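Everything on this sheet refers to the single structure shown next.
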Amino acid sequence: MPASAAVADGHYQTNATNGTSATDDSQSSDWTAPGPFGIDELRTGGDQISSGGSQGPPESTRMLPTGGIVLKYLPLNPAQSSYQPLGRNQALKTDYLLAYTSAFGESVGDYEFVVVFWQEQTTRVNGTQRAYAANQSVQRISFEAENGYSASKLKLQSHYDQQWQATAWLEQDGSRVEGARWRFGHQTNPLTASPAYPTNSKGDLWRWGALNLIIPAICGIMFSGASAKHILSRTIVGTLKGVTYWAGVVAVVVGIAAIVGTWQTSIILANAPIAVGILIGLLALPVMLSIRDSDLSKAGFFRRQLRQGAISPSGDETVGTRRVANKIKSVYRHGEQLYAPVSGLRPMLARYWADPAKIPTEDWKSYDSGDGDLDQLFEVDPESDKVLRHKPARLKFAPSLTKAVADEDLADPPEADGIAALPAAISAAVSNWFARRNWRFIGIALGGGALVYLGTVAALGSSIIGLGLATLPALIDGHEARDGSLEVDWGPSHWNDVQAQVQTERHEYEERKTFDQVLEAVTELEWSDHEQGQQIVDRVRTEIQKALDDEHGGNNPSTNLSPSSPQQGVDADD
């Protein structure tokens, strides 16, 4: 059933005769700690009834005269919807508790759940440093324990700024119930404490969104931008991967985040602004690293080979060359260097720690602009064994606890034999053993891992996340970055000039050859037309002569078309 609460106004700062610590000495007997309760009393939590199991009730149970009570809370975990018992000195991130009671006989009735919130501080009194419970505030919550089993919801006052210490006990009819006492920490998480969080207006809502979402997101984006600028100054380009690759990466990251969030939800939600900033920063970083990916161009490295049956400008057969596309690379020109990066996350990380594969522009020879899909063309020496020798920067995971040591740096074993030489032999063996250890890797793996673990636990309070991050120093230092190389055997320096002259002569020869062919075709066409016209003329003349012969009775038609004298006709008088 619901419980009613009464909260004391303000904080107790009055002196009380029972407020001093039990460790007060004679030099500070005139000083009393502020507040109605001493720190020694508030530091004491309730004793457990038993260690659990079949011998008695669970260790989280507090006994009533004829019954028991258990305080439970709902974890801030989306995957866990059942209430869990409140443990000793546990950090509570919600304002709600559920009091499960089992009461019979005289234990049935009204109770008050009394909570004292306080903060431990120290002061110096007469040269002695004293600890006391400062800023004490008392909250009383009334509820009823019905006959049999019942549950009551208890609403604690909210604490958003920092974690407060809380000591609680039960009172019935103004008297404390023996053994019913709890000690825990309390800090309200605004993301899950609704409706307790005071968002009573749009201004409060904007303030909450700005502090928990907008400002952390902007900080994450700015940090990602600065990080991307620094990374690109060393890696030149990003991973050169597309949307599909990053979608898979995001899915993996979300999966890991879901797993970690399932275990450590309360810690992540308690540090929600930091989590939002990290998440937005991680999402923005790949986008900023890909800003140069579209600037890559295609370069072809060609090696000319001899071929038979070529035609010289004079028309004779000779030996020529043909260009064979041996290597086509994606390149990026930055400054005075031409880089040939390889796609992938590991190659990008390798370029960060090692020198990438590159060619200085001052070493370029036999260079020409490309056409079609190729933006640049490079001529390679025809006598070269390989067109291009490209070895990108790479990472190799090779952690080792030992290292190679030169013989002159090792201690020499004693030349003498016998028991007298044993101490010197042991000393030399121990010295050489220590000399062969890779202390750099051991120090970074152990020392760095310990620092990361302690820092993570101090910042987030999670030992599981701390253990996971503590492996990063060993993983990072265990990788060896190896430099990349890009080597080309350039063609002779005069290759382009000679090639241009030969190409010009061949072009002129082709033009002349084409003109001769056209002229010959026109000539053949003219002679053909002339012959056809002559045949037509001859046929017409033959037909005319035949017609004349038929008219005048000629028996021997002549086909002679040469000029002749006029024929003598028959006199009209005859």
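Observations, loosely collected:
- Bridgeable lysines around Lys155 (alpha carbons under 29 Å apart, same-chain partners fewer than 8 residues away excluded): Lys72, Lys93, Lys202.
- For the listed peptides 542-549, 470-477, 334-341, a ranking on the average number of other beta carbons within 10 Å per residue, highest first, reads 334-341, 470-477, 542-549.
- Surface accessible to a 1.4 Å probe, per residue, for the residues of the range 97-170, Å²: 40 Å²
- For the range 87-125 and the range 216-234, distance of Cα centres in Å: 46 Å
- Each residue of the range 349-355 was assigned a 3J(HN,Hα) from its phi angle through the Karplus expression (A = 6.51, B = -1.76, C = 1.60, θ = phi - 60°), giving 5, 5, 5, 5, 8, 10, 6 Hz with x at Gly and Pro.
- For the range 133-177, with +1 on Lys and Arg beta carbons and -1 on Asp and Glu, the positive-most of Val138, Val177, Gln162 along the dipole: Gln162
- With 32 Å as the limit, the listed pairs Lys329/Lys396; Lys365/Lys396; Lys229/Lys396; Lys229/Lys329; Lys229/Lys386 have Lys365/Lys396; Lys229/Lys386 beyond it between alpha carbons.
- Using the Karplus relation 6.51 cos²θ - 1.76 cosθ + 1.60 with θ = phi - 60°, the per-residue 3J(HN,Hα) values for the range 382-396 come to x, 8, 6, 5, 10, 5, 8, 10, 10, 10, x, 4, 8, 10, 10 Hz, with x marking Gly and Pro.
- Proximity of backbone amide H atoms, modeled 1.01 Å from N, is registered between Val125 and Arg130 at under 5 Å, excluding neighbours fewer than 5 places apart on the same chain.
- Couplings 3J(HN,Hα) of the range 432-441, computed from phi: 5, 5, 5, 5, 8, 6, 8, 5, 5, 5 Hz, in residue order, whole Hz [Karplus 6.51 cos²θ - 1.76 cosθ + 1.60, θ = phi - 60°; x for Gly and Pro].
The values are calculated or read from the model by the stated rules, or taken from the named source; none is laboratory data. These figures come from a predicted structure and were not determined experimentally. With ideal geometry, Cβ positions are generated from the backbone for all residues, glycine too; neighbour counts draw on all protein chains shown. These accessible areas exclude ligands, DNA and RNA; they are computed on the full protein's heavy atoms, side chains included. Shrake-Rupley method; radii C 1.70, N 1.55, O 1.52, S 1.80 Å.
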